[in-house]
Amino acid sequence: MLSQTDYTRRRTAGALTFLSLAALTLYGCGKKAAAPERPSESGIASWYGHPYHGRKTASGETYDMEGKTAAHRTLAFGTVVQVTNTENSRQVEVRINDRGPFVAGRIIDLSHGAAQSLGITGTGKVRLEVVSAPPTRGLDSFAVQTGAYTDRAEADRARAALAAFGETRVVQREGDQTWRVLAGMEQSEDAANRLADRIRAAPGVTAADVFVVRLDPEN
């Protein structure tokens, strides 16, 4: 049988343990969860306006050059991206609704309105951070663009030269006078990048013209 002194000591120790656990729980609840890291990308941005204003974008929307939208090669349509001009720290959020830029060395093609918000008059150095992305729509597919041509016959010859790399095709968007040659149909961007590396090493291929693009329904 416990003496009154031992009983009191045990009750005091139990109470202190309870208070310690409660304090730790409250501290844990009070701490803010670390913000998830947002996918980012750095490189050169360009912008586009006329003659594309009023035409259909790759997503099917009508392009408004003064809106806050942009073209990207692989981000899903509807993705919202924060673009930071790394030369003056100005920022703007844009929604991806088009494909491009199909020029080597550039990572995003901004609407005229978005470029003005950033103080970009030609091209500029930027950092992209994904703010939000639409729900996944199932299986994504990616291809490798190997060139863009204003002559359809030339595009067909380029496509035939890529037969060793699997399925190849020539695509053209309505209202666009450019034919793009695409190779492969990969289920991940990493797999498409590996295919792009193989194509860049092939004879007669201009490496700067080769990059990965997301396949949209019209492709």
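The values are calculated or read from the model by the stated rules, or taken from the named source; none is laboratory data. Just so you know, these numbers come straight off a predicted model, no measurement behind them. In this analysis, Cβ positions are derived from the backbone assuming ideal geometry, glycine residues included, and neighbour counts consider all displayed protein chains.
Which of the residues that make up region 88-131 are crowded, with 20+ Cβ neighbours inside 10 Å, within 13 Å of the chain's Cα centre (by Cα) and assigned to a loop (DSSP other than H, G, I, E, B)? Result: ARG99, PRO101. Of ARG173, ARG169, all but one fail to be over 16 Å from ALA76 (Cα atoms), outside any loop (DSSP other than H, G, I, E, B) and not aliphatic (A, V, I, L, M); the exception is ARG169. On inspection, LEU162 passes the criterion of being farther than 19 Å from ALA70 by Cα and touching a strand residue (DSSP E or B) at 6+ places or on another chain (Cβ under 8 Å). Note on region 66-87: among residues that are aliphatic (A, V, I, L, M) and surrounded by fewer than 19 Cβ atoms within 10 Å (Cβ to Cβ), the one that is nearest to LYS125 (Cα to Cα) is VAL80.
For region 162-191, a residue qualifies if it is farther than 14 Å from VAL210 by Cβ and of a type in the set (S, T, N, Q), and the qualifying residues are GLN172, GLN177, THR178, GLN187, SER188. Taken residue by residue, region 189-209 has no member that is in a loop (DSSP other than H, G, I, E, B), in contact with a Leu (Cβ under 7 Å, 6 or more places away or on another chain) and exposed (fewer than 14 other Cβ atoms within 10 Å of the Cβ). Under the condition of being among the aliphatic types (A, V, I, L, M) and not in a helix (DSSP H, G or I), which residue from region 135-156 is modelled with the lowest pLDDT? By that ranking, first place goes to LEU139.
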